[in-house]
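Each remark here refers to the structure printed beneath this line.
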Ligand code: 13P
Ligand code: SF4
């Protein structure tokens, strides 16, 4: 992942934002945000901070202050390797926690006091312990969209970009895959496994070649339906349809491509179609449009993640000035959680 060079002066910041965001963000907003972005980049240097921006950040923030932008896996790798003394995570809380797990000696800051995630909130460490009692010896693979206490009970973590690869490398043909029901079903399909809910078998009373799944959902991707895909196909027959693997399986099935947020960014960049519809969080469509002026992002079915939306330029400026909000994790939990993340990084 390449480091982004921030503009040096206020004027350069404004010009760079205008160039990228003209027609996407109103000019008055660009002027206001350029001032904040310039100030953030100045303090960032003074305080030896690195800013990581998830692909779902709002366009003005995404295009002005991060040193690195990317998906969960890419940003995890950067947080494990950075030499900066502060990591400011412009993403949600589980992402900042992942950075702290991997880089315990750094100060890790989240610009909002709360930026949750419906998937992370769908499961607890106690839930995982009960599943392990119910299915002794079955490996637990957990999506990074979970909190540290859940990662601590896990054998290996995964992200949307490496999940199938990791499942295929495990010794056991039966796995527990938590907590996203749709991601698990999509991986089960890709890896040829039967889906089983806890307490049920696959119909033959056996668990061979099965994926035991949880019923967590992403509140954004859960809103997309097969009907939405069909409506887009009808109205924009030339549009290429991309869907994040957190979407319901029938949406992924009906799409032209499915992949992590960065995989989708790269797919649009490398493809030569004129029109695209993204079934994912809507800011990402704007961010891709800003980088690919000649391509059109269809704006049907727009859904903003309310948790990603908590992260603003205003709060990031306060975060840097006041060193808030610092992420703290109990050391015993952190060490156990790190083992599951290290296994993922080794295998992906
Ligand atoms: P990615 O790992 O694809 O960036 O996904 C993170 C996420 O929260 C998607 O909703
Ligand atoms: Fe969580 Fe969904 Fe928001 Fe991603 S888009 S952070 S999975 S609620």
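Coordinate-derived values only; no laboratory data. Fair warning: this is a prediction, and the values are worked out from it, not measured in the lab. Ideal geometry is used to build each Cβ from the backbone, glycine not excepted, and the neighbour counts take in all protein chains shown.
In terms of the mean number of neighbouring beta-carbon atoms within 10 Å, the peptides 220-227, 143-150, 183-190, 114-121 order highest first as 143-150, 183-190, 114-121, 220-227.
Considering the range 163-267, its Cα convex hull presents a mean projected area of 7.5 nm². If the viscosity is 0.890 mPa s and the temperature 25 °C, what Stokes-Einstein diffusion coefficient in µm²/s follows for the range 145-196 when Rh is the Kirkwood radius over Cα pairs? Taking Rh from Cα pairs, D becomes 214 µm²/s.
For the chain, what percent of Cα pairs sit more than 40 Å apart? The answer is 13 percent, as a whole percent. Compute the long axis of helix 181-191 from its Cα atoms, compare it with the longest principal axis of the Cα atoms of the chain, and write down the angle in degrees, 0 to 90, nearest 10. Relative to the chain, helix 181-191 is tipped by roughly 70 degrees.
Here the Kirkwood formula, the inverse mean of 1/r across different C-alpha pairs, assigns the range 121-176 a hydrodynamic radius of 11.6 Å. The simple spin-label model puts a point 7 Å past each Cα toward its Cβ; for residue 85 and residue 345 those points are separated by 2.2 nm.
Globularity index of the range 93-237 is 1.16 (Cα radius of gyration / 2.2 N^0.38 Å, N = number of residues). Evaluating kT/(6 pi eta Rh) at 20 °C and 1.002 mPa s, with the Kirkwood radius of the range 217-348 over Cα pairs in the Stokes-Einstein relation, gives 125 µm² s⁻¹.
Taken over the Cα atoms of the range 300-343, the convex hull encloses 142 Å³ per residue. The separation of the range 278-313 from the range 166-189, counted between C-alpha centres, amounts to 28 Å. If you wrap the range 242-310 in the convex hull of its Cα atoms and look at it from every side, the mean projected area works out to 4.6 nm². Compared with the direct C-alpha span, the chain from residue 8 to residue 321 gains 110.8 nm at full extension, assuming 0.36 nm per residue.
Which value at 222 nm does the chain reach when only helices count, each DSSP H run of 4 or more adding -39,500 (n - 2.57), with the total divided by all residues and rounded to the nearest 500 deg cm²/dmol? Spell out each step's value before the answer.
On the way: 15 runs with 151 residues, N = 348.
For the chain, the value works out to -13000 deg cm²/dmol.
Taking every alpha-carbon pair in the range 272-338 and binning the separations at 5 Å intervals from zero gives 3, 13, 15, 12, 12, 14, 12, 9, 7, 3, 0 percent. One chain, two ends: residue 309 and residue 335. Fully extended at 0.36 nm per residue, the span grows by 6.3 nm beyond their Cα-Cα distance. Axis angle, to the nearest 10 degrees, between helix 27-46 and the longest C-alpha principal axis of the chain: 80 degrees.
Mind pulling the angle between the C-alpha long axis of helix 10-21 and the longest principal axis of the chain? Nearest 10 degrees, somewhere in 0 to 90. Between helix and principal axis, roughly 50 degrees.
Take the range 1-148, drop everything but the C-alpha atoms, weight them equally and run the Debye formula without solvent; then report log10 I(q)/I(0) at 0.09, 0.12, 0.14 Å⁻¹ to two decimals. Debye curve over Cα of the range 1-148, log10 I(q)/I(0) at q = 0.09, 0.12, 0.14 Å⁻¹: -0.35, -0.57, -0.73.
In the range 206-269, the C-alpha radius of gyration followed by the widest Cα-Cα span (Dmax) gives 14.0, 45 angstrom.
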